[in-house]
């Protein structure tokens, strides 16, 4: 007794499940879609380098929150010795008011759900999309 | 405080170490199983050993007659007699207690008389263990004989009753090279 | 073989695997090797090896119907049979296998008797192995499922749901997933069990430690990457998507910790088909679990049922005819 | 050691410590009482076993064939191709240790190589060496061992310390069955001519005479007549026992121990009384006078060869179906192998109880019914008059024999019969009965006298549970449905818990059975007074 049918069927199921991402992406047809956050015009330089920000912005934000809320210290000295006012609305959102096109792009792409807006209001979004892809 | 009193005070520790020493006579990895498995049915060896050592130590410290302890010695020897032990290995488990006591008590401060007295009692336990070991061996021989007699006795009974030749022509009932 | 040696060799192997990705610091082509070539080779080894092993098993027949029965057979109509432990039809077998695979039913059976208050016998579970094994396997499954967020775009919704469920307890910004925590604890338990429990230590082989240490390495590098040595998640996902759309592209921003994690994962999956980890598909093949206890009701066919030497009645009667006739036992031939 | 003067402390330590070895070292010592003798030359030849020769496990040279390595490795390859179980069980064990403390031989002996996982590793290590890349490359580090004569000796020692009871298989998360492992181990040993007297002897006898005990037809007849005389003495009823009767409705096959060994003999009396009382049209057979199958302990082909007689004889006699007596491994073969080996039994009819009309659906293909199924059905339909008080001197517990338990699932029928035939029934602790039952330690051909110490080790877990009910409830009778149990428990219990006797379920039934026209019974089937305390007035409560 070899159970040939059951074995082949099982292997087929295994292969389907194992290659799930391949055909899921193919079916969705959105594979080439890159997150591509939109940098608001006139704000090319952030508090730290782009590379640093892309990896560590969440830690920086957490550090800012603790420093401002718990110690009442609202001055951030960046690695190039420039100082910034620690404020989500005043500093971050000044340059990045477009949550939907800046924050959300990557967060959705990577399925990350930060809890910034549990406390903070979502600012009114700028009407026009500049650059970026759709 | 005399020797017996100080041993009684430390009874729990002494029992534990003695049991450990007895378990350590098993292959390394089995010893820990015997020690740790508490289910008496999953670990009858460990269970019987621990329970009996406890009773024997009790008896030793309360001064009961060595003969009164033989049932407990038997519970242990019965098991060791069928396991992979040489006769001295199987029967000398009481001797292990000496080492435990020496480790536990400042032996130099104990009056020689008291120590010799206790040592003698431990030695008698050991002798009693040897005696029981021999008894168990005898019992196994007896069981073997009885099994043989039982099968042959049955054949003889049958032959007498029916005048049978019991196995394909052979007159010798012991030509019985297998049973079920 | 010394037990320490059995642990040290695998430990050394895993250490080398952790150090190897340092080569990515050499430049983009080295990065390409570690980000693309090694994982691709590993995947190829995994799938081909897996299928090869399964097909090899399937090539041998199951000549006899040999379920291990754990409950009352189906016999007389007024006796209640145990449908799961003595399965009589395909549904029952499926259910038995389901419970076995998803809840480790056989391990759960491990019970222990205790004497309470000297006399009363009660049964409790001795189920640490069951719990540890179950916690480990379920966490592993959920963690793998969570990783779908890197391989699907848009993210496969159930992966998001599971992630949200898994992150119910959020400490600070970096979520510590419940499953990360559980898998670390259960793996540590499973590892220490092999070192501490005497029987398990005695039977363990170097390969047992290797599998555990590899998985531990994968989990620890993964957790560290999330919480301490951050990598560019965005770059990771781009790499993953680029690979499954067959246009591999490596972002040099991605970070060394990721390569370490990927190296360990690649080794693990490449090793999978050649290791005891094949118990995963193996359980489905186990004839003592996947067969019905109906061998007297339905004939099981053995494909190689070759003839054997038998002693026929005729030969038997020829030898014993005389005494049989003398004893009045009926015979076929009277001479 | 002896020539050195030792301090008392050292004295107390002398060589108690076990050798700290690794399991990969195959050295074993054949001590008296812990191994079975080798099969004598004439029996090896009778079964046409490979490499026949006179030898003894204690010999230094086992006279293995020169090419024993190739023979064993070739045998492994052949079985890998034939048995998925073998292939799979060699591959998928994760050494989780769930089975480790489930084996009665490990529990009783403390020998770590008796852990089921390790018993399998003895074979797996050789498999790795010759069949897997990792094992070939890494050697010992990869858990692989060279096959040499020492390994063969080790296999002989340990594969005849497994009673194929399948208890570990129940606890294994992948159902790895050490019974299969042991069967293959013994088949491989067999290829190079290493088998035991106690297995080969009965198997070769069975091949020639139809039963393990080598009872020739006329002696069997005398034994059955003797049984009828005994019954007449007890009940006053004269019974003709049919033998080789053509055209009978049912062929009855039972282990041959029932014909010649006590206490199995009393079970035979029980069967004959029962069949007479219900007027069953049945017959014994001299050609198929063995239900048990020691071929199973040698290898599948030998099992098939011996088993073939049951179908052949039922065809010759023209019976409708087959009824099987109380036996353990016999039912492993009948339930899981017979139809596959020697079927289809389509010349027979689906078993129907001629008394109650019950159709035995579960046996519709094999056409063989277990006596407990048959009798339980009779009692359920009130076809038997029973007086359980005749068993009042017994406080009974029931030992689930391994094979009917874990290979068949026969749990309720024997209990039902005991409960109807006896007034005092007590179960042993939960984790020692039913699918978790402990073996008697003498199954699968481990039962010879020379192996007594080993059998006592293996039987300790079972005995400790019996002892528990003996001390708690005063149990003095262990009922069972296996001929090997009936042979092995009397010595086992005499050693571990004296005062408990052994009986087949149908002996107890025979005691309780009220037969038409019987005289007032004064003794039970053992010839002991029915109510020992009766004459002294009713002092017992």
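Could you please find all residues in the range D:17-74 being outside any loop (DSSP other than H, G, I, E, B) and either free of Cβ contacts under 8 Å to residues at least 60 places away in the same chain or loosely packed, with under 14 Cβ neighbours inside 10 Å (or both)?
Taking the range D:17-74 first, the residues outside any loop (DSSP other than H, G, I, E, B) are D:38, D:41-46, D:68-74.
Selection gives D:41, D:42, D:45, D:70, D:74.
For the range D:442-449, does any single residue satisfy the condition of being buried (at least 24 other Cβ atoms within 10 Å of the Cβ), in contact with a strand residue (DSSP E or B) (Cβ under 7 Å, 6 or more places away or on another chain) and outside any helix (DSSP H, G or I)?
Yes: one or more hits.
Within the range C:62-83, identify whether any single residue is closer than 26 Å to residue C:209 by Cα and either in contact with a helix residue (DSSP H, G or I) (Cβ under 6 Å, 6 or more places away or on another chain) or modelled with pLDDT of 95 or more (or both), and answer yes or no. Spell out how you get there, then give the answer.
Going residue by residue through the range C:62-83, those that are closer than 26 Å to residue C:209 by Cα are none.
No, there is no match, as no residue in the range C:62-83 is closer than 26 Å to residue C:209 by Cα and either in contact with a helix residue (DSSP H, G or I) (Cβ under 6 Å, 6 or more places away or on another chain) or modelled with pLDDT of 95 or more (or both).
Give me a count of the residues in the range D:313-363 that are in a helix (DSSP H, G or I) and either within 22 Å of residue D:413 (Cβ to Cβ) or out of contact with any helix residue (DSSP H, G or I) (no Cβ under 6 Å at 6 or more places or on another chain) (or both).
To start, the set of residues in the range D:313-363 that are in a helix (DSSP H, G or I) comprises D:313-317, D:329-342, D:361-363.
With the extra rule that they be either within 22 Å of residue D:413 (Cβ to Cβ) or out of contact with any helix residue (DSSP H, G or I) (no Cβ under 6 Å at 6 or more places or on another chain) (or both), the set shrinks to D:313-315, D:317, D:329-340, D:361-363.
So the answer is 19.
Which ones in the range D:496-514 are assigned to a helix (DSSP H, G or I) and under 18 Å from residue D:432 (Cβ atoms)? Steps first, please.
Going residue by residue through the range D:496-514, those that are assigned to a helix (DSSP H, G or I) are D:496, D:505-512.
The one that is assigned to a helix (DSSP H, G or I) and under 18 Å from residue D:432 (Cβ atoms): D:496.
Which one of these does residue D:134 not meet: (1) surrounded by fewer than 24 Cβ atoms within 10 Å (Cβ to Cβ); (2) at the interface with another protein chain (Cβ under 7 Å from one of its Cβ atoms); (3) closer than 24 Å to residue B:23 by Cα?
Status for residue D:134: all satisfied but (3).
With the requirement that a residue be closer than 22 Å to residue D:272 by Cα and part of a helix (DSSP H, G or I), what does the range D:191-225 give you?
Selection gives D:217, D:218, D:219, D:220, D:221, D:222, D:223, D:224, D:225.
If you go through the range B:40-47 one residue at a time, do you hit one that is more than 7 Å from every other protein chain (Cβ to nearest Cβ) and farther than 24 Å from residue B:119 by Cα? Walk me through it before giving the result.
Here is the first cut: in the range B:40-47, the residues more than 7 Å from every other protein chain (Cβ to nearest Cβ) are B:46-47.
Now narrow it down to the ones that are farther than 24 Å from residue B:119 by Cα: B:46-47.
Among the residues of the range B:40-47, at least one is more than 7 Å from every other protein chain (Cβ to nearest Cβ) and farther than 24 Å from residue B:119 by Cα, which makes the answer yes.
How about the range C:30-40: which of its residues are surrounded by fewer than 18 Cβ atoms within 10 Å (Cβ to Cβ) and in contact with a helix residue (DSSP H, G or I) (Cβ under 7 Å, 6 or more places away or on another chain)?
Across the range C:30-40, the qualifying residues are C:30, C:36.
Exactly one of (1) touching a residue at least 60 places away in the same chain (Cβ under 8 Å); (2) assigned to a helix (DSSP H, G or I); (3) farther than 25 Å from residue C:94 by Cα is unmet by residue C:284. Its number?
Condition (3) is where residue C:284 drops out.
Residue D:276 passes all but one of (1) within 23 Å of residue D:320 (Cα to Cα); (2) part of a loop (DSSP other than H, G, I, E, B); which number fails?
(2)
List the helices (runs of 4 or more DSSP H) inside the range C:126-245, counting only whole elements, that have at least 1 residues being within 14 Å of chain B (Cβ to nearest Cβ).
Details: elements: C:128-146, C:148-151, C:157-166, C:178-196, C:198-203, C:206-227, C:233-244.
Because the criterion is at least 1 residues that are within 14 Å of chain B (Cβ to nearest Cβ), the helices (runs of 4 or more DSSP H) in the range C:126-245 that meet it are C:128-146, C:178-196, C:198-203.
Could you tell me whether the range C:292-307 includes any residue that is closer than 30 Å to residue C:95 by Cβ and in contact with a strand residue (DSSP E or B) (Cβ under 9 Å, 6 or more places away or on another chain)? Please lay out each step first, then the result.
Going through the range C:292-307, the residues closer than 30 Å to residue C:95 by Cβ turn out to be C:292-303.
This time we only want the ones that are in contact with a strand residue (DSSP E or B) (Cβ under 9 Å, 6 or more places away or on another chain), so: C:296.
Yes, the range C:292-307 has at least one match.
Take the residues of the range D:115-131 that are farther than 20 Å from residue D:169 by Cα and without any contact (Cβ under 8 Å) to a residue 40 or more places away in the chain: which is nearest to the other protein chains (Cβ to nearest Cβ)?
Ranking the qualifying residues of the range D:115-131, first place goes to D:128.
Has the range D:139-154 got any residue that is touching a helix residue (DSSP H, G or I) at 6+ places or on another chain (Cβ under 9 Å), within 13 Å of another protein chain (Cβ to nearest Cβ) and within 18 Å of residue D:299 (Cα to Cα)?
no
What number of residues within the range C:55-92 are within 19 Å of the chain's Cα centre (by Cα) and over 30 Å from residue D:77 (Cβ atoms)? First the steps, then the outcome.
So in the range C:55-92, the residues within 19 Å of the chain's Cα centre (by Cα) come out as C:55-58.
Now drop any that are not over 30 Å from residue D:77 (Cβ atoms), which leaves none.
Adding up the residues that qualify gives 0.
Of the residues that make up the range B:1-18, is at least one at pLDDT below 80 and either assigned to a helix (DSSP H, G or I) or surrounded by fewer than 22 Cβ atoms within 10 Å (Cβ to Cβ) (or both)?
Yes, because at least one residue in the range B:1-18 is at pLDDT below 80 and either assigned to a helix (DSSP H, G or I) or surrounded by fewer than 22 Cβ atoms within 10 Å (Cβ to Cβ) (or both).
A quick yes/no check of all residues on (1) under 30 Å from residue C:62 (Cβ atoms); (2) in the same structural domain as residue D:57 (by TED's automatic domain parsing):
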residue	(1), (2)
D:181	yes, yes
D:202	yes, no
D:214	no, no
D:222	no, no
D:232	no, no
D:235	no, no
D:245	no, no
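Given the conditions (1) part of a helix (DSSP H, G or I); (2) within 9 Å of chain D (Cβ to nearest Cβ); (3) within 23 Å of residue D:180 (Cα to Cα), report the number of the one that residue C:320 does not fulfil.
Only one criterion in (1) part of a helix (DSSP H, G or I); (2) within 9 Å of chain D (Cβ to nearest Cβ); (3) within 23 Å of residue D:180 (Cα to Cα) is unmet by residue C:320, namely (3).
Taking the range A:62-115 only, how many residues are without any contact (Cβ under 8 Å) to a residue 24 or more places away in the chain, within 13 Å of another protein chain (Cβ to nearest Cβ) and in contact with a helix residue (DSSP H, G or I) (Cβ under 6 Å, 6 or more places away or on another chain)?
Total satisfying the criteria: 1.
Condition (residue is farther than 27 Å from residue D:183 by Cα and either within 14 Å of chain B (Cβ to nearest Cβ) or at pLDDT below 95 (or both)) applied to the range D:296-304: is it met by at least one residue?
The initial filter retains those residues of the range D:296-304 that are farther than 27 Å from residue D:183 by Cα, namely none.
Looking for residues that are farther than 27 Å from residue D:183 by Cα and either within 14 Å of chain B (Cβ to nearest Cβ) or at pLDDT below 95 (or both), one finds none in the range D:296-304, hence no.
The values are calculated or read from the model by the stated rules, or taken from the named source; none is laboratory data. Just so we're clear, the structure is a prediction, and the values are computed from it rather than from any experiment. When we count neighbours, we look across all protein chains shown, and the Cβ atoms used for this are built from the backbone with ideal geometry, even at glycine.
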